[in-house]
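The values are calculated or read from the model by the stated rules, or taken from the named source; none is laboratory data. Owing to the predicted nature of the structure, the values given are computational and were not obtained by experimental measurement. Don't worry about glycine lacking a Cβ; one is built from the backbone with ideal geometry, like all the others, and counts go over all protein chains shown. The accessibility values were calculated without ligands, DNA or RNA, using every heavy atom of the protein model including side chains. Shrake-Rupley method; radii C 1.70, N 1.55, O 1.52, S 1.80 Å.
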Amino acid sequence: MMMITTLLWWFISPRLHEISTFLALSVLSTLRVFYSIIVVGILLVLLTSYLEKNFLIARTAVRLSIIFVFPATIILGRMIGIPKDKIRESFVHVNNTFVKVLTKKYQPHEILILLPHCLQNTDCLIRVTIDINNCQDCGRCKITNLKKIARETGVHIAIATGGSLARRIIIKHRPKFIIAVACERDLVDGLLDVFPIPVYGVLNERPFGPCVNTSVAIEAIETALKSLCLVKDGEASPLGVKQAFINHGDTENTEKRL
């Protein structure tokens with residue numbers, strides 16, 4: 001974009017000077033300010049991602065990265081031969097970094113863990129997509145572990161067979177924060193679909209290939225909950241972490257900001 005603007009400026013600047021020197025200088029100054037903001041913004045985004053600290057730009061960076069940066073990166077990656085999944089994985093990682101540096105806390109009932117149906121063992125005859133509590137805890141897949149985490153923490157949990165059902169689940173629970181498990185493509189599609197609801201993405205593991213008997217690192221879910229989920233003041237978290245809790249007034253302020 002900068003190259004295109006430079007070329008345009010090279011072509012039109014003589015004409016602008018003929019019309020008015022003030023007009024030419026005004027346009028040039030506007031372009032310099034615009035690109036200075038872009039450069040500073042990119043530097044702050046890189047620092048936020050690398051240092052995992054909020055440089056007063058995390059929320060804006062999330063919006064800009066979802067609306068502008070990711071589509072542009074896909075196009076650029078296609079031009080230079082970077083696989084889409086690699087770009088999507090990086091996008092999820094950067095998104096998670098921004099979500100973490102926002103340092104918000106949520107009540108358990110405000111959080112939804114959204115899982116793909118491919119986590120369920122293909123030999124299982126129980127339909128857990130309707131209600132995950134139908135799981136019989138046989139231990140052949142990670143559904144039983146995730147169900148236990150949801151029960152102990154009080155967060156919502158659901159399994160979606162596709163984008164339509166995922167949207168229906170989100171409308172039903174109206175979460176303020178989502179922890180989503182999926183492959184690179186579905187995670188990025190979900191991030192774009194539910195925006196501006198913040199999403200912490202966890203990539204699934206595919207030892208048998210895509211969409212069949214996939215798995216997930218339970219520790220990644222627990223880590224996300226430990227850093228995001230509120231518990232009552234002084235109460236020990238079911239996940240083994242005693243979390244200091246913001247008082248009632250702070251909770252109200254957090255809700256207002258949402």
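Against the list (1) part of a strand (DSSP E or B); (2) open to solvent by 20 Å² or more (accessible area, probe 1.4 Å); (3) within 18 Å of residue 94 (Cβ to Cβ), the condition residue 157 fails is (3). Selection of region 191-205 for residues being at pLDDT 90 or above and either closer than 17 Å to residue 166 by Cβ or part of a loop (DSSP other than H, G, I, E, B) (or both) yields 199, 200, 201, 202, 203, 204. As for region 219-236, it holds no residue that is touching a helix residue (DSSP H, G or I) at 6+ places or on another chain (Cβ under 6 Å), modelled with pLDDT of 90 or more and either farther than 17 Å from residue 85 by Cα or not β-branched (Val, Ile, Thr) (or both). Do the conditions hold for residue 63, that is, is it part of a helix (DSSP H, G or I), among the charged types (D, E, K, R), surrounded by fewer than 17 Cβ atoms within 10 Å (Cβ to Cβ) and at pLDDT below 75? Considered against the rule, which asks whether it is part of a helix (DSSP H, G or I), among the charged types (D, E, K, R), surrounded by fewer than 17 Cβ atoms within 10 Å (Cβ to Cβ) and at pLDDT below 75, residue 63 comes out as yes.
Can you say whether residue 208 is aromatic (Phe, Trp, Tyr), open to solvent by 30 Å² or more (accessible area, probe 1.4 Å) and modelled with pLDDT of 90 or more, as far as the supplied structure shows? Outline the logic, then answer.
Values: aromatic (Phe, Trp, Tyr): yes; open to solvent by 30 Å² or more (accessible area, probe 1.4 Å): yes; modelled with pLDDT of 90 or more: yes.
In short, yes.
Within the bounds of region 131-139, is there any residue that is touching a Ser or Thr at 6+ places or on another chain (Cβ under 9 Å), assigned to a helix (DSSP H, G or I) and among the β-branched types (Val, Ile, Thr)? Checking region 131-139: not a single residue is touching a Ser or Thr at 6+ places or on another chain (Cβ under 9 Å), assigned to a helix (DSSP H, G or I) and among the β-branched types (Val, Ile, Thr). Of everything listed in (1) loosely packed, with under 14 Cβ neighbours inside 10 Å; (2) under 18 Å from the mean Cα position of the chain (by Cα), the single unmet condition for residue 133 is (2).
Being in contact with a Cys (Cβ under 9 Å, 6 or more places away or on another chain) and basic (Lys, Arg) is true for just one of 168, 140, 185, 127. Which residue is that?
After applying the criteria, what remains is 140.
Here residue 168 clears all of (1) in contact with a helix residue (DSSP H, G or I) (Cβ under 7 Å, 6 or more places away or on another chain); (2) not in a strand (DSSP E or B) except the condition numbered (1).
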